[in-house]
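I have placed the structure first, in the form of structure tokens, so that the comments after it can refer back to it.
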């Protein structure tokens with residue numbers, strides 16, 4: 001469940017300058033991924049969804065690497081104008097960065113929604129490659145309820161105390177123009193992002209499968225053979241013979257061409273096919289196991305957990321649950 005309803009109703013004059021986190025969200029430091037998250041951000045899939053999401057909701061949507069220190073929505077036509085104004089100064093920019101970093105760090109298997117020092121909410125949804133958080137989807141910069149009548153005065157006082165060189169009247173005016181989104185509507189938006197994050201995780205896994213640095217023709221043929229014969233027993237020795245190489249050389253050339261080891265590549269191909277079958281409710285998990293080339297349920301469970309970050313049963317439940 002997304003704990004949006006636990007967000008305090010409004011911020012007060014004595015609110016701390018740090019973002020206020022929702023209860024029960026423990027911080028998680030992810031290891032920076034070597035995968036080209038920038039390529040994911042520039043993919044047709046993400047850009048099409050970004051346009052659709054922003055046109056539908058009017059909110060900004062950004063994708064950022066887990067170790068990116070840039071503001072999430074800078075330059076977005078849907079960026080909150082008050083937030084954009086606040087980010088003009090170095091001090092305010094640093095404060096916004098800290099708020100966004102706390103939002104990202106709060107992601108622990110579920111979306112994390114935080115309230116910034118000025119009472120606006122922002123949400124981060126993690127994108128995983130296996131168990132590793134490699135990137136985040138960001139949205140927000142809205143109120144979940146109309147601001148109290150005294151909040152503009154509180155904002156003015158806070159800005160004056162911050163010594164920022166801003167037009168206070170303009171800043172308060174833009175603050176008052178901040179969009180109010182109902183909690184249930186905002187929660188539905190976040191659920192859409194959850195579903196999309198799952199799809200992007202699968203896309204990243206496919207990028208691993210396609211990653212190549214000028215693969216040799218023989219390795220390319222082996223990869224094509226794996227794609228069509230993944231249900232069969234595929235040993236390293238038999239694939240090395242098919243490529244006309246020694247097992248040692250085959251391992252080296254395959255890793256160089258595919259970006260991952262032979263056994264991991266085969267496992268990822270099988271898991272991707274397993275995911276497609278799991279979307280069909282008529283398939284039981286134990287049927288999927290043998291249909292995609294695994295020889296035992298226990299081995300399938302270990303491999304699926306490692307690559308997808310959760311069990312096949314949980315993956316199926318979460319994928320269906322995102323639509324409910």
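The values are calculated or read from the model by the stated rules, or taken from the named source; none is laboratory data. Computed from a prediction, not measured in an experiment: that's the story for all the values here. All Cβ positions, glycine included, derive from the backbone under ideal geometry; neighbour counts span all protein chains shown.
Quick notes
- With respect to the conditions (1) exposed (fewer than 15 other Cβ atoms within 10 Å of the Cβ); (2) closer than 30 Å to residue 315 by Cα; (3) free of Cβ contacts under 8 Å to residues at least 40 places away in the same chain, residue 206 lacks only one, and its number is (3).
- Those residues of region 276-304 which are in contact (Cβ under 8 Å) with a residue 40 or more places away in the chain and either touching a strand residue (DSSP E or B) at 6+ places or on another chain (Cβ under 9 Å) or surrounded by 14 or more Cβ atoms within 10 Å (Cβ to Cβ) (or both), in sequence order: 278, 291, 292, 293
- All positions within region 135-162 that are free of Cβ contacts under 8 Å to residues at least 12 places away in the same chain and in a loop (DSSP other than H, G, I, E, B): 149, 150
- With respect to the conditions (1) touching a helix residue (DSSP H, G or I) at 6+ places or on another chain (Cβ under 6 Å); (2) surrounded by 24 or more Cβ atoms within 10 Å (Cβ to Cβ); (3) closer than 23 Å to residue 46 by Cβ; (4) at pLDDT below 90, residue 116 falls short on a single one, namely (3).
- Residue match in region 167-181 (condition: touching a helix residue (DSSP H, G or I) at 6+ places or on another chain (Cβ under 7 Å), at negative phi, buried (at least 17 other Cβ atoms within 10 Å of the Cβ) and not in a helix (DSSP H, G or I)): yes
- Those helices (runs of 4 or more DSSP H) of region 189-282 in which 1 or more residues are within 20 Å of the chain's Cα centre (by Cα) occupy 262-278.
- For region 121-133, filtering for residues that are touching a strand residue (DSSP E or B) at 6+ places or on another chain (Cβ under 8 Å) and either surrounded by fewer than 23 Cβ atoms within 10 Å (Cβ to Cβ) or modelled with pLDDT under 85 (or both) leaves 2.
- You will find that of 231, 241, 218, 252, the residue that is touching a residue at least 60 places away in the same chain (Cβ under 8 Å), surrounded by fewer than 19 Cβ atoms within 10 Å (Cβ to Cβ) and out of contact with any strand residue (DSSP E or B) (no Cβ under 8 Å at 6 or more places or on another chain) is 231 and no other.
- For the residues 310, 305, the requirement of being under 22 Å from the mean Cα position of the chain (by Cα), outside any helix (DSSP H, G or I) and outside the structural domain of residue 187 (by TED's automatic domain parsing) singles out 310.
- Residue within region 146-160 that is at positive phi, surrounded by 13 or more Cβ atoms within 10 Å (Cβ to Cβ) and assigned by TED's automatic domain parsing to the domain that holds residue 126 present: no
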